[in-house]
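Asker: Questions regarding the structure given below will be posed in turn.
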Amino acid sequence: MAASAVIGLGLPSPASAACTQGTDSSGCGSTSSPTPTPTATDVKPTDSGALLSSGPTITAAPSPGTLTPVSGAATVKGVFTLGDGSPLAGATVTLTPVDEVPADGSDITPTVVGTAKTAADGSWSFTLPSTLPSKVQSYADANGGVLSLEASFDGLAPDGTLLTGSDYVDAGVAAGSATTEGSVAARAETPNTVAIHPDVDETQVTPADSTLVDTADSTADAAADTSSDSSANTWQSADGASTTGFSPDTVNGVDYSAVKPDLGGGCLVKKHVIKQHDYYTTIGEAHAYYDTTAAFEYNNTLSSTWGIATSVDGEHWSITGKMSRKNSTGHAVGFANQGPHWAKRFQVPIEYQDVDKRTTCIGVKTKHAYSIIPVKDDIPSGGDVARYGADVRSKDGVASYRNSKPAYRAVLGKKQYATITSGTSITYGVAAKVFGVTVSLDTEYGASHYQKITAGSGGSEHDIWGAKGKISGNPGVIYSY
């Protein structure tokens, strides 16, 4: 969507009325999300202090956003470093499709889409061919025009220790008249920086059964999340043990953080799925404070980007790269008419895979490395189609309003609504706990994936503000007071 058209605004209409609001057609008269109609009975709480400026008053809808076609072949890029952060120069980076690993656990030798060499600063880039092999193209077609790729490096230290790293990148291959929202978003992604680490794991690690228990989103998790656009690449343990003092670069007393490996490209790689399981995952939230109601829609396709957790020992994990999922769900989920004084996160069931990458180099025993990959929306037998997550009312109200940035504030007129229809949500640093590992996520808003707030006719001002930007920019989440 056009960057300037991140909200849809208008007057509420009854569900039976003809929908004429082009800026938010999914919410205007929609059977999946009827436009809420708040009452005027709510009383707006306040405190004894004087409030600061509330920002501009929203009185008219902006021009509808349009999808601007992209052209040319897609380019993916990133940066590889040694463990100490210095550039990994002259190294071979191999790109393979993420979605070709069979779910039945059988082995494959990954298809090489292409290779790239890192520059002196460790950066690399690769432009995909304009015509992809039909099998590879099918992976992009099934993922909303986005080809998810693993960009990996495998090389040997002088003593024969495998030094390895994996980045995850999205190629927006849909172009021209076939351009999709996913393809546009993929081409706008910021390159990741990934460090290589020693891999000495010679025995496959299988997730413990205890890690298959779905963990509900907690209020504490929600409070810890910020409006950051990136997830901290911190280490975590699959069994919950402390990672204080852990060094991914030290093996048997040897520090490999500054060791330069050979340039890579001479090792054999195989992959298979160790285990797969469904976990409910936070994909958004909506807020309604004084005299307002909240709605959230997530329709027909996935529209989120995950931080991918990787490990070289199956125990210690970090987020290295991002990957989007745009595949069809075949149904719509969401909620409407919640409020006033209501705010919750929203979760859908996602199937995840723990994928084992086995690397064999000449003269060296096979080593294992692991990645946790989101696959698809998958409702477990007898499970919820979707569910509410953490209560996030603490982010609304007078205290939160006082702590918000004045430039991000606005006033919503009586009986009007505001809907985020482009840009991205905040990054949910604790979107789900998968095989014992916390994964992050953000959602891309669009005509079918949005947060909405509707004001009633109460006599007090309906104040709203963005979590990470202006309401007319990229607010991430709309908060309410």
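Asker: Is there any pair with a first residue in the stretch 265-276 that is aliphatic (A, V, I, L, M) and a second that is surrounded by 14 or more Cβ atoms within 10 Å (Cβ to Cβ) and assigned to a strand (DSSP E or B) whose Cβ atoms are under 6 Å apart and which are 6 or more apart or on different chains, and what are they?
Answerer: Close Cβ pairs satisfying both conditions: LEU268/THR360; VAL269/THR359; VAL273/GLN353; VAL273/VAL355; ILE274/ASP354; ILE274/ASP356.
Asker: Further question on the same structure: Looking at GLY307, is it under 15 Å from ASP170 (Cβ atoms) and open to solvent by less than 10 Å² (accessible area, probe 1.4 Å)?
Answerer: So GLY307 fits the description; yes.
Asker: Which residues, taken from the stretch 109-123, are outside any loop (DSSP other than H, G, I, E, B) and open to solvent by less than 30 Å² (accessible area, probe 1.4 Å)?
Answerer: GLY114, ALA116
Asker: Is it the case that VAL251 is surrounded by 14 or more Cβ atoms within 10 Å (Cβ to Cβ), at pLDDT 95 or above, of a type in the set (A, V, I, L, M) and over 28 Å from the mean Cα position of the chain (by Cα)?
Answerer: yes
Asker: Let me ask something else about it. Right, THR292: farther than 23 Å from TYR417 by Cβ, of a type in the set (S, T, N, Q), open to solvent by less than 10 Å² (accessible area, probe 1.4 Å) and touching a residue at least 12 places away in the same chain (Cβ under 8 Å) or not?
Answerer: Details: farther than 23 Å from TYR417 by Cβ: no; of a type in the set (S, T, N, Q): yes; open to solvent by less than 10 Å² (accessible area, probe 1.4 Å): yes; touching a residue at least 12 places away in the same chain (Cβ under 8 Å): yes.
So THR292 does not fit the description; no.
Asker: Something else about it: When the stretch 321-352 is examined, which residues are found to be among the hydroxyl-bearing types (Ser, Thr, Tyr), closer than 25 Å to VAL213 by Cα and surrounded by fewer than 22 Cβ atoms within 10 Å (Cβ to Cβ)?
Answerer: THR329
Asker: Next up: Could you say which residue among ASP84, ASP104 is open to solvent by 50 Å² or more (accessible area, probe 1.4 Å) and either in contact with a Ser or Thr (Cβ under 8 Å, 6 or more places away or on another chain) or assigned to a strand (DSSP E or B) (or both)?
Answerer: ASP84
Asker: Can I ask one more? Could you figure out which of (1) farther than 23 Å from THR281 by Cβ; (2) among the hydrophobic types (A, V, I, L, M, F, W, C); (3) open to solvent by 10 Å² or more (accessible area, probe 1.4 Å) isn't true of ALA467?
Answerer: (1)
Asker: Here is a follow-up. Regarding VAL194, is this residue modelled with pLDDT of 75 or more, among the aliphatic types (A, V, I, L, M), over 19 Å from TYR280 (Cα atoms) and part of a loop (DSSP other than H, G, I, E, B)?
Answerer: no
Asker: Sticking with this structure for a sec: Which ones in the stretch 381-391 are in contact (Cβ under 8 Å) with a residue 40 or more places away in the chain and over 20 Å from SER304 (Cα atoms)?
Answerer: GLY383, ASP391, listed by residue number.
Asker: In the stretch 131-153, which residue that is in a loop (DSSP other than H, G, I, E, B) and free of Cβ contacts under 8 Å to residues at least 40 places away in the same chain is least open to solvent (accessible area, probe 1.4 Å)?
Answerer: PRO133
Asker: Tell me, please, whether a residue that is open to solvent by 30 Å² or more (accessible area, probe 1.4 Å), under 30 Å from ILE464 (Cα atoms), modelled with pLDDT of 95 or more and touching a strand residue (DSSP E or B) at 6+ places or on another chain (Cβ under 9 Å) can be found in the stretch 353-370.
Answerer: No, because not a single residue in the stretch 353-370 is open to solvent by 30 Å² or more (accessible area, probe 1.4 Å), under 30 Å from ILE464 (Cα atoms), modelled with pLDDT of 95 or more and touching a strand residue (DSSP E or B) at 6+ places or on another chain (Cβ under 9 Å).
Asker: Also, I was wondering about something else. If you check VAL146 against the conditions, is it of a type in the set (A, V, I, L, M, F, W, C), modelled with pLDDT of 95 or more, farther than 20 Å from SER311 by Cα and under 18 Å from the mean Cα position of the chain (by Cα)?
Answerer: yes
The values are calculated or read from the model by the stated rules, or taken from the named source; none is laboratory data. What you see is a predicted model; the values in this text were computed from it and never measured. Neighbour counts are summed over all protein chains in view; Cβ atoms, including those assigned to glycine, are modelled from backbone coordinates with ideal geometry. We work out accessible area using only protein heavy atoms, side chains counted, and drop any ligands, DNA or RNA first. Shrake-Rupley method; radii C 1.70, N 1.55, O 1.52, S 1.80 Å.
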